[in-house]
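The values are calculated or read from the model by the stated rules, or taken from the named source; none is laboratory data. Since we're looking at a predicted model, the values are computed, not measured. All Cβ positions, even for glycine, are placed from backbone atoms using ideal geometry, and neighbour counts span all protein chains on display. For accessibility, only protein heavy atoms count, side chains too; no ligands or nucleic acids. Shrake-Rupley method; radii C 1.70, N 1.55, O 1.52, S 1.80 Å.
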Amino acid sequence: MIRLNLDPTCIDLTTLYDNRGRPINYVRLAVTDRCNLRCFYCMPEEGIRYLPKKHLLTFEEIERLISILAAMGITKVRLTGGEPFVRNDLMKLINKISEIPGIQDLHLTTNGVLTAPHVPELKKLGIASVNLSLDTLDKSRFFAITRRDEFEPVMKTLHLLLDHEIPVKINAVVMDGKNIDDIIPLIELSKDHAVDIRFIEEMPFTGEGNHYPTLTWTYKKILQYIQEHYTLVKIPDAPFSTSYNYKVPGYKGNIGVIAAFSRTFCGTCNRIRLTAQGTLKTCLYDDGALDIRQLLRRGASDDEIKSNLLKAFNSRAKDGFEAEARRGNHLPVSESMSTIGG
Ligand code: SAM
C-alpha cells in the first residue's frame with residue numbers, strides 16, 4: 001500500500017508502507033546460492049544441491065526488478081548470497097545498481113574470501129558499507145567453523161576495507177561451544193579500528209533442519225557475557241536497526257547484539273528479501289510471499305509486477321513468529337541461509 005505519511009511536517013508521497021504501517025525502503029538480494037565457505041551453521045559440508053544457473057535471476061532481471069522497487073520507494077539495496085563474489089562479473093552488477101535512480105545506499109555482505117581485489121572499485125563507486133562475516137580471529141577455529149582454509153584472504157579484505165575508509169561491520173554468529181572465546185578478541189578489534197562488531201544469535205537456517213530446541217546464546221546472554229568483561233555504554237540505535245548498540249568507552253568501533261532468533265525487532269522491520277531464485281520474502285522466517293522470477297519470465301508488465309508486490313507487502317506477517325507459523329508444510333525451518341542471504 002502506498003499512502004501519505006501523515007506527519008504534517010513531513011509529507012512524503014513516496015514512502016511505501018506495509019499492512020501494519022511499517023515503512024519498507026530496504027531490499028536484500030541474494031545474487032547466488034553458491035558459497036566458497038561451508039560454515040556449519042549455514043550449509044551442510046557435502047551434498048548441497050545448488051540451483052541450476054538458469055534458475056538464478058539474470059543481471060537484466062535484477063536491474064529491472066530493482067528499478068521497479070526503486071520507483072515504488074525502495075532506497076537501500078544490499079547484495080548478499082551465497083557469497084556474492086562467487087557470481088561472475090558481480091562488479092558489473094554492482095555498478096549498474098549504483099546508477100539506478102532512487103537507490104541512495106548500496107551495501108554488500110560478504111565473507112571476504114574473494115573481495116580484496118575489488119575494494120578500490122567499491123570505494124570508487126561509493127559503496128555505503130560492507131558487512132564482513134567473521135566469527136573468529138583464530139585461524140584454526142576459522143577452519144573448524146567454515147571448513148575452508150581461507151582466514152588470510154578474509155583478514156586482508158578487512159584491512160583493505162579499513163584502509164579505504166569504507167564503513168565495515170563484522171558479523172559474528174555466536175555459537176555455543178564453538179566461538180565463545182572469540183567474543184572478547186573480536187571486541188578488542190574495535191579498540192583501535194573504527195569497525196562495528198555485531199554478535200548475532202544463531203538461527204535455524206542450517207540447510208539441515210537441525211536447530212536446537214532452545215537457544216543457549218540468546219542476545220541477553222551474549223550481552224550479559226560482554227558486560228561481565230566491559231562497562232558498556234548504550235548508544236542510540238539507528239532507525240530500523242536490528243542491533244542493540246553499545247560502546248566500550250575509548251574504543252573506536254561500536255558493539256551490536258542482534259536478536260535474530262528471539263526476533264525482538266520485527267515491529268520496525270523495513271526490509272524485504274529476494275532469494276537467489278527470485279522469490280520475494282517479506283520476512284526472513286516466511287517461506288516465500290511471491291515468485292517474482294516466474295512473473296518476470298512470463299512477460300509481466302512493470303505495473304503487473306508492482307501490483308503483485310503491493311499485494312505481498314499488504315499481507316505481511318506481524319513478526320517472525322507469525323511468519324514461521326504460517327509456513328504450512330515447510331516446517332521446521334530448514335533451508336540454508338545461503339539461498340536467503342541473511
Ligand atoms: N557469503 C556472505 C557472508 O558470508 O557474509 C553473505 C551470505 S551469508 C548467508 C549472510 C550472513 O548470514 C552471514 O553473516 C552469516 O554469518 C549469516 N548466517 C548464515 N547462517 C546463519 C545462521 N544459521 N544463523 C545466524 N546467522 C547466519
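Would you pick out the residues in region 326-342 that are open to solvent by 20 Å² or more (accessible area, probe 1.4 Å) and within 7 Å of the ligand (Cβ to nearest atom)?
Answer for region 326-342, where residues must be open to solvent by 20 Å² or more (accessible area, probe 1.4 Å) and within 7 Å of the ligand (Cβ to nearest atom): MET337, GLY342.
I'd like the full set of residues that are touching a residue at least 24 places away in the same chain (Cβ under 8 Å), open to solvent by 20 Å² or more (accessible area, probe 1.4 Å) and either outside any loop (DSSP other than H, G, I, E, B) or basic (Lys, Arg) (or both), limited to region 37-64.
Scanning region 37-64 gives ARG38, HIS55, PHE59, GLU61, GLU63, ARG64.
Scanning region 107-129 for residues that are buried (at least 22 other Cβ atoms within 10 Å of the Cβ) and assigned to a strand (DSSP E or B), which turns out nearest to the ligand (Cβ to nearest atom)?
Filtering region 107-129 for residues that are buried (at least 22 other Cβ atoms within 10 Å of the Cβ) and assigned to a strand (DSSP E or B), the one nearest to the ligand (Cβ to nearest atom) comes out as THR110.
Looking at ILE272, ILE222, ILE235 in this structure, which one is over 21 Å from ASP286 (Cβ atoms), away from the ligand (no atom under 15 Å from the Cβ) and touching a residue at least 12 places away in the same chain (Cβ under 8 Å)?
After ruling out the rest, the residue left standing is ILE235.
Would you be able to tell me the number of residues in region 65-84 that are part of a loop (DSSP other than H, G, I, E, B), open to solvent by 10 Å² or more (accessible area, probe 1.4 Å) and in contact with a Lys or Arg (Cβ under 9 Å, 6 or more places away or on another chain)?
Residues flagged as part of a loop (DSSP other than H, G, I, E, B), open to solvent by 10 Å² or more (accessible area, probe 1.4 Å) and in contact with a Lys or Arg (Cβ under 9 Å, 6 or more places away or on another chain) within region 65-84 amount to 1.
If ALA312 passes every condition in (1) within 26 Å of LEU56 (Cβ to Cβ); (2) within 15 Å of the ligand (Cβ to nearest atom) but one, which one does it miss?
(2)
Restricting to region 67-87, and then to whatever is touching a helix residue (DSSP H, G or I) at 6+ places or on another chain (Cβ under 9 Å) and among the hydrophobic types (A, V, I, L, M, F, W, C), can you tell me which residue is farthest from the ligand (Cβ to nearest atom)?
ALA71
Can we say TYR251 is in contact with a Lys or Arg (Cβ under 6 Å, 6 or more places away or on another chain) and modelled with pLDDT of 95 or more?
It is true that TYR251 is in contact with a Lys or Arg (Cβ under 6 Å, 6 or more places away or on another chain) and modelled with pLDDT of 95 or more.
Got a number for residues in region 130-169 being among the hydrophobic types (A, V, I, L, M, F, W, C) and in a loop (DSSP other than H, G, I, E, B)?
3
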